[in-house]
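Just below is one structure, and these are the notes that go with it.
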Amino acid sequence: MRVMTWNINSVRLRAPLLAELVKHSAPDVVCLQETKTPDEHFPREVLEKLGYPHIAFVGMKGYNGVAILSKFPLEDIRTFPRCLKEDCRHIAAKVMQDDKTAFDIHNLYVPAGGDKPDPVINDKFQHKLDFVDELSEFFPKHHANDEPMIVVGDLNIAPLENDVWSHKQMLKVVSHTPVEVEKLNDFYRSMGWIDAVRHFVPDEEKLYSWWSYRARDWEASDRGRRLDHIWVTDPLKEKLKSQQVLKTVRGWERPSDHAPVIIDIDM
DNA sequence: ATGGTGGTCCTACCA
């Protein structure tokens, strides 16, 4: 079972890139963030033809939006308004294999949080902190950690020192500030999640999934951050087989600023 | 300290 997560930054603009990507990597389940498309304009038929007959999505005009594409049937599709907003940042479904639930998958797009890492003067940062708090409460309340579950998405936080190009220079930059890293760690501990990518890549090793559009040469400067994550609950831990961060996709023509992240699970 | 690029959709807003 191959699960991929990718912040696609407009599903309509980059459907051709997605086609190329799935031809190369053949994921069974694809979770997309920042689809930036209202439901009535979601390119369902185009994505079905890529080999994904089962699709769940929720979107809005211009911003946000998440989708799950699957080769396996999806059941119990849920969307969650969070922080008293209808902003299309959380969708979940059960992935079915042989008429049984293989796992419950949650696809998240955590608010980026604006520029200033101060919740008093920057309500986008407050929203980000509240959003992660809400997740820490939600999961233990509605799920048990002996359920096979996967959380994926653009969490917009790089928690480890080697999830950013310079830990010291990033401490006051939104995505790596201690307050939001601590919030993410609370969420991480809330279900005893396992970071499926760091399961294979030692914490001492630099690993990024995002490079800014603003760099003159993103690859040469390599000032990346690991914002995109795949976490699993304990029942899936021993089934984890491998991980990939597809950095080359960041170098394709008209790319997303995020690279796709893949996990293989022995199901 | 600043601005750098890109997507959506027309004027800023968000990342």
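General remarks:
- Qualifying position, being β-branched (Val, Ile, Thr), over 15 Å from A:Tyr188 (Cβ atoms), crowded, with 20+ Cβ neighbours inside 10 Å and more than 16 Å from the chain's Cα centre (by Cα), among A:Val174, A:Val120: A:Val174
- Scan segment A:180-207 for residues that are touching a helix residue (DSSP H, G or I) at 6+ places or on another chain (Cβ under 7 Å), within 30 Å of A:Pro119 (Cα to Cα) and not small (Gly, Ala, Ser) and the total you get is 10.
- The set of residues in segment A:1-19 being touching a residue at least 12 places away in the same chain (Cβ under 8 Å) and exposed (fewer than 14 other Cβ atoms within 10 Å of the Cβ) consists of A:Arg12, A:Leu13.
- Single condition A:Gln169 does not satisfy, out of (1) within 16 Å of DNA strand B (Cβ to nearest atom); (2) within 21 Å of A:Asp133 (Cβ to Cβ); (3) not in a loop (DSSP other than H, G, I, E, B): (2)
- Any hit, segment A:210-227, residues being closer than 24 Å to A:Phe103 by Cα and either surrounded by fewer than 17 Cβ atoms within 10 Å (Cβ to Cβ) or not β-branched (Val, Ile, Thr) (or both): yes
- The set of residues in segment A:130-158 that are over 18 Å from the mean Cα position of the chain (by Cα) and part of a loop (DSSP other than H, G, I, E, B) comprises A:His143, A:Ala144, A:Asn145, A:Asp146, A:Glu147.
- Filter result (within 16 Å of DNA strand B (Cβ to nearest atom) and either on the phi > 0 side of the Ramachandran plot or of a type outside the set (A, V, I, L, M, F, W, C) (or both)) within segment A:45-80: A:Gly59, A:Lys61, A:Gly62, A:Tyr63, A:Asn64, A:Gly65
- Within segment A:81-102, restricting attention to residues that are surrounded by 13 or more Cβ atoms within 10 Å (Cβ to Cβ) and at positive phi, the residue that is nearest to the chain's Cα centre (by Cα) is A:Cys88.
We did not get these values from a lab; they are worked out from the coordinates using the rules stated. Note that the coordinates shown come from a computational prediction; the quantities given were computed from them, not determined experimentally. Cβ coordinates were reconstructed from backbone atoms using ideal geometry, including for glycine residues, and neighbour counts include every protein chain displayed.
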